[in-house]
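Structure first, then comments.
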Amino acid sequence: MSFEFPESSPFRRSDFVFGVATAAFQIEGANKEDERCESIWDRFCATPGKVANGDDGTVACDHYHLWEQDLEMIAELGVDAYRLSIAWPRIMPVEGQVNSKGIEFYKRLIAKLNELGIKPFVTLYHWDLPQYLEDRGGWLSRETAYKFAEFADIMTKALGDSVFSYATFNEPLCSAFLGYRFGQHAPGLTEDKLGFQAAHHILLAHGLALPKMRENAPKAEHGIVLNFTPAYPADPTNAADVLAADFDEQQGIHWFLQPIVEGEYPAAIRQQQPLWWPTILPGDLALISQPIDFLGINYYTRHVIKASENGPRQVVLPDVERTDMGWEVCPEALTALLVKLNQRYTLPPIFITENGMAGADSLENGEVIDQQRCDYYQSHLDAVAVAMEQGVDMRGYFAWSLMDNFEWAFGYEKRFGIVYVDYASQQRVLKQSAKYFQQFLQQRAGA
Ligand code: FCB
């Protein structure tokens with residue numbers, strides 16, 4: 001493989017960061033070790049029927065024990081940065097108390113990353129709420145937002161400026177809507193209104209935490225990671241489909257971005273679904289809309305939407321390329337999304353904090369040939385470059401994921417890694433896509 005980095009390539013910019021990403025619950029395992037308490041995902045996994053094959057996070061990639069070799073493997077890839085998350089249940093397994101063993105684990109990890117010259121990008125919350133907080137209402141309770149701010153304060157005091165970039169939350173949409181509205185994620189509740197209330201409390205938590213984070217880590221960048229799935233009308237000449245696709249984006253994109261950037265929730269939700277509107281207290285939106293240093297965007301696919309009596313409905317187009325998740329491969333929608341958001345909002349610099357695909361990968365003769373994933377990365381990197389050429393201020397790109405891991409409700413069945421994990425032996429094998437990245441980064445360094 002050979003990559004071109006002409007003078008004009010936006011990826012030659014020395015401040016553009018390439019990295020790989022993971023999340024604590026998906027890789028760490030050791031879920032009872034060093035006093036870690038139960039999280040909502042441990043509880044969800046233990047609830048029959050919630051996770052494929054009854055898989056859980058007891059061992060995962062055993063990263064809690066293998067972290068050092070994993071970080072060396074990351075260094076071998078030649079990336080500039082590594083995005084990881086902190087397990088709140090390790091830090092505060094007992095309410096109001098700090099567990100020094102939890103803090104030490106992440107301190108060691110961050111120190112080693114810095115030693116290796118890899119920029120640590122830390123996400124404070126990637127879905128593993130301590131179960132004791134869920135027992136008191138979880139994200140439906142305003143109190144949880146204050147608890148998060150306390151946790152963020154403790155963590156940023158402990159790690160300070162040794163971390164390059166902090167994100168408060170990963171994908172509030174998934175925690176709120178998949179967790180409290182559609183029931184596919186922990187804690188598994190299913191009511192529209194609950195989803196919107198949880199979303200508001202998560203955004204409030206983001207706003208409450210930010211000032212403390214800035215104070216404790218004044219040199220680090222502070223922001224949030226949102227996931228966007230752009231919606232396209234099934235029939236662009238059909239007005240109802242166009243409206244339905246727009247409404248899908250009001251919920252999925254603007255409900256999360258507009259309050260952060262503009263201090264307002266989209267009026268379309270109140271107009272079309274007044275019963276979904278959450279309780280918002282005076283001052284909340286001012287907290288939520290404090291300036292952020294960056295916006296992280298996770299992008300995987302697009303939705304194609306048809307109007308129906310029950311609201312926007314997703315349709316599955318025949319004859320398009322799909323991944324092992326059944327998600328359509330659509331890099332053009334990434335460019336279009338970035339350009340559109342850049343026109344619609346005044347945005348801070350943007351990182352693609354996750355992008356990647358699941359494949360039915362297998363290890364054969366010591367190799368994993370994942371050509372579809374190499375092509376996926378190539379086309380999506382191109383899509384990012386086109387957005388940059390069109391004026392979008394992009395600062396980085398992270399592949400999801402470093403290695404195969406616990407893919408939430410799909411358990412270990414879905415493999416998103418650029419590194420293959422043989423769960424029986426915990427052996428890691430670089431897939432063809434990891435080698436693709438290695439070469440890409442080597443050639444870029446030499447360009
Ligand atoms: C995102 C999550 C990440 C991973 C990918 C496939 O929604 O942030 O943890 O599961 O999807």
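The values are calculated or read from the model by the stated rules, or taken from the named source; none is laboratory data. Note that this is a predicted model, so its numbers are computed, not measured. Quick reminder, even Gly has a Cβ in these numbers, built from the backbone with ideal geometry, and neighbours come from all protein chains shown. To get the accessible areas, we keep the full protein, side chains included, count just its heavy atoms, and leave off ligands, DNA and RNA. Shrake-Rupley method; radii C 1.70, N 1.55, O 1.52, S 1.80 Å.
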Study note, to complete from the structure: Residues in segment 148-172 that are under 23 Å from L257 (Cα atoms) and not aromatic (F, W, Y) total 8
**Study point:** Boolean, L208 is open to solvent by 20 Å² or more (accessible area, probe 1.4 Å), of a type outside the set (S, T, N, Q), away from the ligand (no atom under 16 Å from the Cβ) and not in a strand (DSSP E or B)
**Key:** yes
Practice item. Just one of (1) open to solvent by less than 40 Å² (accessible area, probe 1.4 Å); (2) on the phi < 0 side of the Ramachandran plot trips up K119, so point out which. Key: (1)
Review point. Considering only residues of segment 223-240 that are more than 16 Å from the ligand (Cβ to nearest atom) and of a type in the set (S, T, Y), which is nearest to F177 (Cα to Cα)?
Key: Y232
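Conditions tested, residue by residue: (1) more than 16 Å from the ligand (Cβ to nearest atom); (2) in a helix (DSSP H, G or I); (3) open to solvent by 20 Å² or more (accessible area, probe 1.4 Å).
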position: I103; (1), (2), (3): yes, yes, no
position: K107; (1), (2), (3): yes, yes, yes
position: A111; (1), (2), (3): yes, yes, yes
position: L124; (1), (2), (3): no, no, no
position: L133; (1), (2), (3): yes, yes, no
Revision key, fill the gap. Considering segment 148-177, residues that are within 14 Å of the chain's Cα centre (by Cα) and within 12 Å of the ligand (Cβ to nearest atom), and then whichever is nearest to Q251 (Cα to Cα), we arrive at L173
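Got at least one residue in segment 378-398 being part of a loop (DSSP other than H, G, I, E, B), away from the ligand (no atom under 12 Å from the Cβ) and in contact with an Asp or Glu (Cβ under 8 Å, 6 or more places away or on another chain)? I'd like the intermediate steps shown before the answer.
From segment 378-398, those part of a loop (DSSP other than H, G, I, E, B) are 390-393; that's our starting set.
The next check asks that each one be away from the ligand (no atom under 12 Å from the Cβ); those that pass are 390-393.
In the following step, the residues that additionally are in contact with an Asp or Glu (Cβ under 8 Å, 6 or more places away or on another chain) were identified as none.
No.
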Review point. With A424, A387, A445, A409 as the choices, which residue is without any contact (Cβ under 8 Å) to a residue 60 or more places away in the chain, surrounded by fewer than 22 Cβ atoms within 10 Å (Cβ to Cβ) and not basic (K, R)?
Key: A424
Exercise for review: Any chance you could count how many residues in segment 167-196 are assigned to a loop (DSSP other than H, G, I, E, B) and closer than 19 Å to G207 by Cα?
Suggested key: 1
Point to revise | Matching residues, segment 294-312, being open to solvent by 50 Å² or more (accessible area, probe 1.4 Å) and modelled with pLDDT of 95 or more | key: K306
